[in-house]
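Undergrad: Please see the structure below; I have some questions.
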Amino acid sequence: MAFKFSEWPPALTDSQLEALHLQASTYALAHGLLYLPVQPPLLPTSAIHAPLSLLPSPFPRRLFDFAQRIQSTYNVLYSRIAMDEDFLDQIMGTERGVGKVDTFTGQLWSGWKEIRDQGGVVQVCWIFPRDSVEFEAFKPLHLGLFRSDYLLYASDSDKLALRQVEFNTISSSFGTLSERVANLHRHLYSLTDYFNTSTWLKAENFPPNQTTAGLVEGLAAAHAAYNIPGSQILFVVQPSERNVFDQRWLEYELLEGHSIHVIRQTFDELASSASIDPSTSALFVSSIEISTVYFRAGYTPADYPAQSHFETRFLLERSKAINCPSIPLQLAGGKKVQQVLAQPGTLERFLGEDFTPEQLDELRASWMGMWGLDEPDGIQKARERSAGLVLKPQREGGGNNVYKEAIPPFLDTLSTEESQAWIAMELIVPPEGVKSHLVRVELTGSVKTEVVSELGIFGWSLFGHKKIVEEKQVGWLVRTKGKDSNEGGVATGFSVLDSLLLVDD
Ligand code: ADP
Ligand code: MG
């Protein structure tokens, strides 16, 4: 029988919900599904469990399979975009692209351009012509730990579809915590059978989640490619980060599973500790050589309060360490790039040679309508269709978008110049009536509310020298938010970590 979304979740009594809540919160505390509390001391002494749902969220099995299957194509696509300097100059640069009007994008792009103008990463390769194979071989590889985000789309047809929200190329978070929520839901099922309230709640409908090992495999592949004994991986982190456990689980897995040590530093710390060996371009933090730089900071202008923070970022970029992501890969993840990809011919430019038209159509089938506000009738169209739209600037991390009725007054304030940095995207209308029981430590009980769930598929890609060395699809995440909240940031709004219950619709 087909699953009915509007009938989820099954009926649970108050005492059953209380029992699930108690078991969930203690399991979460026992298994590191944690956040630091607000303003923790320098040496943390306590933690709180992450916001979570008591039951997994239903998701059509065929669409979960589809999202996992197309991840490899996305891994290749974004790797190739990052290797296409002309494309990124045009779309994100300060001469013709987003960088012209968006200061943050402009600063990142300009720093990257200067490094290229100075001859690229390893200065010794001046002996080879810029476009030669030998020159290419001197450049470091890039590593991407990606997350492609999707919502279920209740289109006119009676079947649900999948639509991409965005593709993240920097600081894609919650991989390790999502694995722990999936384990939590499986545990609650083993423990209580969810009180036999739904025939859909059975073992084979809880898909495995091994995201931690998968993401770490990507970092370890970069470390192995760098191939210098004694080198370590650098995590660049924010000074006031509360989501540290999500990062620590990666560190533990790197050490325990791969014997790789990690150094955590902020941009401020790196300003005095990081240096480049002028003869080899190797990156050192204090006296330790760095194989791979993994950014869990650097995606928002707030991470660069002074020019010196940009200088530190450019120092890391100029070294021969493998950057995750490199600046071009960060730029490739821009919302503007996502929109330009939807224009005729762009996908063919990157994938046309070795992917079939059917494979390209599959990717396109996961997109909503998008356009740039700088197009001739872009603003007019956005005004007319505002009720079904979201506007997005060139930013990551939540809280930046403009929705529906807020769009016309916002457009009144937007200059023609500024419009170049903004894209319009059709709203993905999710299935109606799906509810869940959400828990966060600030509230006494769980809250039953109508929700929207966003699926993220993780993948990684190690690439450079004009080719992809290796890429993989490695895991998934679900974030669920109350339907009345536009944004789904677990850290910013009322949104919780969740997992999947696969259903046949
Ligand atoms: P950010 O880089 O800030 O995460 P996103 O593009 O992911 O930007 O947008 C933030 C949130 O806004 C998403 O998690 C989703 O909840 C909502 N959102 C974004 N685009 C759409 C859309 N086209 N339809 C419906 N909701 C959207
Ligand atoms: Mg997002």
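Undergrad: Can you give the accessible area of Asp158, probe radius 1.4 Å, in Å² rounded to 10?
TA: Spelled out: Asp158, probe radius 1.4 Å, area about 150 Å².
Undergrad: Still on this structure, please answer the following. Using a 1.4 Å probe and ignoring any ligands, DNA or RNA, find the accessible area of Val451 and quote it in Å² to the nearest 10.
TA: Its heavy atoms expose roughly 10 Å² to the probe.
Undergrad: Test of the criteria: in the range 267-356, which GluC sites (Glu not before Pro) are in a DSSP loop and have at most 15 other Cβ atoms within 10 angstrom of their Cβ? Could the numbers behind the result be given before it?
TA: Values: sites: Glu269, Glu289, Glu311, Glu317, Glu348, Glu353; in loops: Glu353.
Loop-located and lightly packed - Glu353.
Undergrad: Also, I was wondering about something else. Using protein chains only and a probe of 1.4 angstrom, how many square angstrom of Ile468 are accessible, to the nearest 10?
TA: For Ile468, the solvent-accessible surface is approximately 50 Å².
Undergrad: From the square roots a ≥ b ≥ c of the eigenvalues of the alpha-carbon gyration tensor of the range 394-479, which class results: rounded (a/c under 1.5), prolate (a/b over b/c), or oblate? Each step should come with its number before you reach the end.
TA: Working: a/c = 2.39, a/b = 1.06, b/c = 2.25.
Cα axes put the range 394-479 in the oblate bin.
Undergrad: Okay, moving on. For Ala154 and Glu18 in one chain, what is 0.36 nm times their gap in residues minus the Cα-Cα distance, to one decimal in nm?
TA: Residue separation times 0.36 nm, minus the Cα-Cα distance, leaves 45.7 nm.
Undergrad: For the chain, what is the accessible area per residue in Å² when the probe is 1.4 Å? Mind showing how you got there, number by number?
TA: On the way: 20680 Å² over 505 residues.
Per residue, the chain has an accessible area of 41 Å².
Undergrad: Still on this structure, I have one more. Rounded, prolate or oblate: pick one for the range 369-427, where a ≥ b ≥ c are the square roots of the eigenvalues of its C-alpha gyration tensor, a/c under 1.5 means rounded, and failing that, prolate if a/b is larger than b/c, else oblate. Provide the component values of the computation, followed by the final result.
TA: Details: a/c = 1.32, a/b = 1.09, b/c = 1.21.
Judged from the Cα gyration tensor, the range 369-427 comes out rounded (a/c under 1.5).
Undergrad: Given the Cα-Cα distance of Asp412 and Phe128 and 0.36 nm per residue of separation, how much length would full extension add, in nm? Present the calculation step by step, with values, prior to reporting the outcome.
TA: Details: separation 284, 0.36 × 284 = 102.24 nm, distance 5.22 nm.
That pair, Asp412 and Phe128, stretches by 97.0 nm at full extension.
Undergrad: Just grab the label-to-label distance for Thr444 and Ser240, each label 7 Å out from Cα along the Cβ direction, in nm (one decimal).
TA: 3.0 nm
Undergrad: Please report, as a whole percent, how much of the solvent-accessible surface of the chain comes from carbon and sulfur atoms (probe radius 1.4 Å).
TA: Values: 10640 of 20680 Å².
With neighbouring chains kept in place, the figure for the chain is 51 percent.
Undergrad: Sticking with this one: Please give the contour-minus-distance gain from Glu470 to Phe284: 0.36 nm per residue of separation, less the Cα-Cα distance, rounded to one decimal in nm. It would help to have the intermediate numbers written out before the result.
TA: On the way: separation 186, 0.36 × 186 = 66.96 nm, distance 2.61 nm.
Net length gain for the segment: 64.4 nm.
Undergrad: Same structure, new question: Accessible area, 1.4 Å probe, largest first: how do Met83, Met92 sort?
TA: Working: Met83 55, Met92 5 Å².
Largest to smallest exposure gives the sequence Met83, Met92.
Undergrad: Taking a ≥ b ≥ c as the square roots of the Cα gyration tensor eigenvalues, with a/c under 1.5 meaning rounded and otherwise prolate when a/b beats b/c, else oblate, which class fits the range 340-402?
TA: On the way: a/c = 2.35, a/b = 1.87, b/c = 1.26.
It is prolate, given that a/c is not under 1.5 and a/b is the larger ratio.
Undergrad: List, in the order given, every pair from Lys335/Lys481; Lys4/Lys435; Lys159/Lys483; Lys139/Lys335 whose Cα-Cα distance in the structure shown is over 18 Å. Kindly include the intermediate steps, with their values, before the conclusion.
TA: Working: Lys335/Lys481 22 Å; Lys4/Lys435 12 Å; Lys159/Lys483 21 Å; Lys139/Lys335 27 Å.
From Lys335/Lys481; Lys4/Lys435; Lys159/Lys483; Lys139/Lys335, over 18 Å: Lys335/Lys481; Lys159/Lys483; Lys139/Lys335.
Undergrad: Another question, then. Within the set of other residues whose C-beta is less than 13 Å from the C-beta of Gln394, count the net charge using Lys and Arg as +1 and Asp and Glu as -1.
TA: 0
Undergrad: Also, quick follow-up: Just the Kirkwood number for the chain, please: inverse of mean 1/r across all distinct Cα pairs, in Å, one decimal. It would help to have the intermediate numbers written out before the result.
TA: Values: mean 1/r = 0.0422 Å⁻¹.
Across the chain, the inverse of the average 1/r is 23.7 Å.
Undergrad: Give me the one-decimal nm value for the distance between modelled label points at Glu114 and Arg349, 7 Å along each residue's Cα-to-Cβ direction.
TA: Placing both labels 7 Å along Cα→Cβ, they lie 2.7 nm apart.
Undergrad: Further, regarding this structure: Trypsin sites (Lys or Arg not before Pro), restricted to the range 1-83: which are DSSP loop and have at most 14 other Cβ atoms within 10 Å? List each step's numbers first, then the result.
TA: Values: sites: Lys4, Arg61, Arg62, Arg69, Arg80; in loops: Lys4.
Answer by residue number: Lys4.
Undergrad: Now for a different question. So which GluC sites (Glu not before Pro) in the range 75-168 end up in coil per DSSP with only 14 or fewer other C-beta atoms within 10 Å?
TA: On the way: sites: Glu85, Glu95, Glu114, Glu134, Glu136, Glu166; in loops: Glu95.
Passing sites in the range 75-168 are Glu95.
The values are calculated or read from the model by the stated rules, or taken from the named source; none is laboratory data. In this text, all values refer to a predicted model and were calculated from it rather than measured experimentally. No Cβ is skipped: glycine too gets one built from the backbone with ideal geometry, and neighbour counts run over all protein chains shown. Accessible surface is based on the protein model in full, side chains and every heavy atom, while ligands, DNA and RNA are left aside. Shrake-Rupley method; radii C 1.70, N 1.55, O 1.52, S 1.80 Å.
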